[in-house]
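The values are calculated or read from the model by the stated rules, or taken from the named source; none is laboratory data. Worth saying up front: this structure is predicted, and the values here are computed from it rather than measured. We place every Cβ from the backbone using ideal geometry, glycine too, and count neighbours over all the protein chains shown.
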Amino acid sequence: MVAGARRRAVRDGDRQIDTAHLLHSLLETDPEVRAVFENGAQVVRLLGYLVQRSIGYGLQWQGTVEDSGAVPVVGSVQEAGWSPAALSAMDVALERAESREEPRALGMDLLAGLTADPECRAVEVLGRAGVDVEVLLRRVEAGCRPCA
């Protein structure tokens, strides 16, 4: 999943992997994540926004660092190749896995991490696609798989 997000960032001309790259990769690779959305049309709409990123939607993000300010930036995130918000989402995912005593985070853990920051790009994309992020997060927390 991370490799897909990294390829997408490079292809889009972005210097860093951001939360929208992570969301795109999750939607493409994880059927459990897709199943937590209200319906298939919502997932298709989301993928449509994310695909358009490099051809118009999202161009305002190119060359900028995604930093919602929700998490303090430590060290040189730019050199690490991750936006501060993406690092925060990954930290949340790992914390969730650790709380279950699992060695690896699941896609649902990362989705929870992405939705935890209301100011990140992934949440902006979700909102534009008509996804109620609070409802989505409740479904993720409930372990909804698959939800109808």
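Things to note:
- Any chance Gly69 is on the phi > 0 side of the Ramachandran plot, surrounded by fewer than 14 Cβ atoms within 10 Å (Cβ to Cβ) and modelled with pLDDT under 90: yes
- Across region 95-118, the qualifying residues are those that are within 15 Å of the chain's Cα centre (by Cα), of a type in the set (A, V, I, L, M) and assigned to a helix (DSSP H, G or I), and the one among them that is surrounded by the fewest Cβ atoms within 10 Å (Cβ to Cβ) is Ala112.
- Restricting region 119-139 to residues that are of a type in the set (Gly, Ala, Ser) and surrounded by 12 or more Cβ atoms within 10 Å (Cβ to Cβ), the residue that is farthest from Ala89 (Cα to Cα) is Ala129.
- All positions within region 78-94 that are within 19 Å of Leu110 (Cα to Cα) and modelled with pLDDT under 90: Ala80, Gly81
- Flag if Ala86 is among the small types (Gly, Ala, Ser), in a helix (DSSP H, G or I) and closer than 19 Å to Leu46 by Cα: yes
- Selected residue (criterion: nearest to the chain's Cα centre (by Cα)) from residues of region 6-24 that are among the small types (Gly, Ala, Ser) and surrounded by fewer than 24 Cβ atoms within 10 Å (Cβ to Cβ): Ala9
- Complete set of residues in region 117-135 that are acidic (Asp, Glu) and closer than 18 Å to Val44 by Cα: Glu124, Asp132
- Single condition Arg11 does not satisfy, out of (1) among the basic types (Lys, Arg); (2) within 14 Å of Ala122 (Cα to Cα); (3) at pLDDT below 90: (2)
- Flag if Val74 is over 17 Å from Val123 (Cα atoms), aliphatic (A, V, I, L, M), at pLDDT below 65 and assigned to a loop (DSSP other than H, G, I, E, B): yes
- Selection count, region 1-36, where residues are of a type in the set (S, T, N, Q), over 20 Å from Met108 (Cβ atoms) and assigned to a helix (DSSP H, G or I): 0
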